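A.B. asks: The structure's right below; bear with me while I get my questions together.
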Ligand SMILES: Cc1ncc(COP(=O)(O)O)c(C=O)c1O
């Protein structure tokens, strides 16, 4: 890979993008209105992969239960085994266990509470950029167990948090560090690897939890290299169906006391069983990324294929991000269109996932979103009127932003169309 491709991205070949597009439902036409539309709200919930959605439905139609013996039941059990293997490969994680729940929020809440309740220490460190699930997942048990909550501030220029601004809050009495991987508001990727390494120089056995809901669909995570204790994601933001949150837990987190039936094994963090179709859906997402990897690399190693596939997705999305910011000879980019501003600096695209916060000079975020909708574009405003975004947008000195989040199945033509509509709205 040449350095220019790494810096500013590289599109996948057009024929492959066409095949990728065809693997998703409802890319061009809104099934609700039957009209053409650009869906740029994939951070809210992404396009659904046909294979993932279909795999879920096919299995969910079976009335059988896992663990009951017999061919159909054994098949359902095998889906869970395969999905757990695939998720571990996805995160490059060894040992520990996979926890599933109805949402990613529940996973991070349960894990944070188990750590804060059971691990010695007098303070908990988190950041102003957290989604409320991770933030309140720290704040509520910290209050309950009498521990101090320390919050790393966002740099309003970058919309990110430098490792030293997190690490300076850690001391020998920190019982949990909970850090988001990619902000769902600013799109900044935090340098978790450096944060974890430097924090453990201060407290070698520090427990570290990472909300990777917005990064997992766009890039790689590596538990072996980073040594985290928990990472989570939400399949509905990664081509999957809604109704499932997934986390990987290290062995020491797995073994902490947690909500479970008395006789249930320690590795089970589920209350009741998750729909087996969900496991088929998870493996379908994993297979899809490996399929992309296979177009570029001839290997049967599933981690290698996944890494290759995600790298291609990441580079394609980075190229779309570059186009969105800088436009082309024919169309002005977001950085040049009058009346609109990108809310944070976007100098180094390697530190960004494809999520762009913008503000309009003469339009409120709500009005801008509705104007986009009238023009056949779906985006979402994140403002301080919502408990889901108030702290994060205020931390970049804004009352709100309009969040633009395309996906790797989009093309330059889609981005250009969006830029033309943006210029019209900004007028
Ligand atoms: C960064 C981040 N974390 C957590 C969540 C919550 O995911 P779920 O809806 O599965 O609880 C979201 C949802 O938007 C998110 O963006």
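A.B. asks: Has the stretch 266-278 got at least one residue that is assigned to a helix (DSSP H, G or I) and under 23 Å from residue 180 (Cβ atoms)? Can you show your working first?
C.D. replies: Initial filter on the stretch 266-278 (assigned to a helix (DSSP H, G or I)): 276-278.
Adding the requirement that they be under 23 Å from residue 180 (Cβ atoms) leaves none.
Within the stretch 266-278 (the criterion being assigned to a helix (DSSP H, G or I) and under 23 Å from residue 180 (Cβ atoms)), the answer is no, since none of the residues qualifies.
A.B. asks: Another question, then. With the condition being more than 20 Å from the chain's Cα centre (by Cα), I'd like the helices (runs of 4 or more DSSP H) fully within the stretch 290-399 carrying at least 3 qualifying residues. Talk me through it step by step, then tell me what you get.
C.D. replies: Numbers: elements: 302-326, 365-374, 390-394.
Result: 302-326, 365-374.
A.B. asks: Now for a separate question. Does residue 132 satisfy the condition of being surrounded by fewer than 19 Cβ atoms within 10 Å (Cβ to Cβ) and within 16 Å of the ligand (Cβ to nearest atom)? Working first, answer last.
C.D. replies: On the way: surrounded by fewer than 19 Cβ atoms within 10 Å (Cβ to Cβ): yes; within 16 Å of the ligand (Cβ to nearest atom): yes.
It is true that residue 132 is surrounded by fewer than 19 Cβ atoms within 10 Å (Cβ to Cβ) and within 16 Å of the ligand (Cβ to nearest atom).
A.B. asks: Which one is nearest to the chain's Cα centre (by Cα) among residues in the stretch 209-252 that are part of a helix (DSSP H, G or I) and within 8 Å of the ligand (Cβ to nearest atom)?
C.D. replies: Narrowing the stretch 209-252 to residues part of a helix (DSSP H, G or I): 223-226, 235-237, 251-252.
Next, only the ones that are within 8 Å of the ligand (Cβ to nearest atom) stay: 236-237.
Numbers: 236: 10, 237: 7 Å.
Going through the qualifying residues, I end up with 237.
A.B. asks: Something else about it: For residue 346, all conditions in the list (1) touching a residue at least 60 places away in the same chain (Cβ under 8 Å); (2) within 28 Å of residue 5 (Cβ to Cβ); (3) surrounded by 14 or more Cβ atoms within 10 Å (Cβ to Cβ) hold save one; what is the number of the exception?
C.D. replies: Of everything listed in (1) touching a residue at least 60 places away in the same chain (Cβ under 8 Å); (2) within 28 Å of residue 5 (Cβ to Cβ); (3) surrounded by 14 or more Cβ atoms within 10 Å (Cβ to Cβ), residue 346 misses just condition (1).
A.B. asks: Of all the residues that make up the stretch 149-166, how many are assigned to a loop (DSSP other than H, G, I, E, B) and closer than 16 Å to residue 196 by Cα? Outline the logic, then answer.
C.D. replies: The initial filter retains those residues of the stretch 149-166 that are assigned to a loop (DSSP other than H, G, I, E, B), namely 153-154, 156-159, 161-162.
Then drop every residue that is not closer than 16 Å to residue 196 by Cα, which leaves 161-162.
Residues that pass the stated criteria total 2.
A.B. asks: Give me the pairs, please: first residue somewhere in the stretch 363-389 and free of Cβ contacts under 8 Å to residues at least 60 places away in the same chain, second residue anywhere and surrounded by fewer than 15 Cβ atoms within 10 Å (Cβ to Cβ) and in a helix (DSSP H, G or I), beta-carbon distance under 7 Å, and either six or more positions apart or on two chains.
C.D. replies: Hits for this filter: 381/366.
A.B. asks: Now for a different question. Taking the stretch 54-79, which residues are crowded, with 18+ Cβ neighbours inside 10 Å and either free of Cβ contacts under 8 Å to residues at least 12 places away in the same chain or within 23 Å of the chain's Cα centre (by Cα) (or both)?
C.D. replies: Matches in the stretch 54-79: 55, 56.
A.B. asks: Please specify each residue of the stretch 143-174 satisfying the condition of being touching a helix residue (DSSP H, G or I) at 6+ places or on another chain (Cβ under 6 Å) and crowded, with 24+ Cβ neighbours inside 10 Å.
C.D. replies: Here is the first cut: in the stretch 143-174, the ones touching a helix residue (DSSP H, G or I) at 6+ places or on another chain (Cβ under 6 Å) are 145, 149, 152, 163, 166-167, 170.
Scanning the stretch 143-174 gives 152, 166.
A.B. asks: Regarding the stretch 336-356, can at least one residue be identified that is over 22 Å from residue 413 (Cβ atoms) and modelled with pLDDT under 95?
C.D. replies: yes
A.B. asks: Right, something else. Among 244, 256, 220, which is the only one that is surrounded by 24 or more Cβ atoms within 10 Å (Cβ to Cβ) and either in contact (Cβ under 8 Å) with a residue 24 or more places away in the chain or touching a strand residue (DSSP E or B) at 6+ places or on another chain (Cβ under 6 Å) (or both)?
C.D. replies: Values: 256 fails: surrounded by 24 or more Cβ atoms within 10 Å (Cβ to Cβ); 220 fails: surrounded by 24 or more Cβ atoms within 10 Å (Cβ to Cβ).
Criteria check complete, one pass: 244.
The values are calculated or read from the model by the stated rules, or taken from the named source; none is laboratory data. Keep in mind the model is a prediction, meaning the values are calculated, not measured. Positions of Cβ are backbone-derived with ideal geometry, glycine not excepted, and every protein chain shown enters the neighbour counts.
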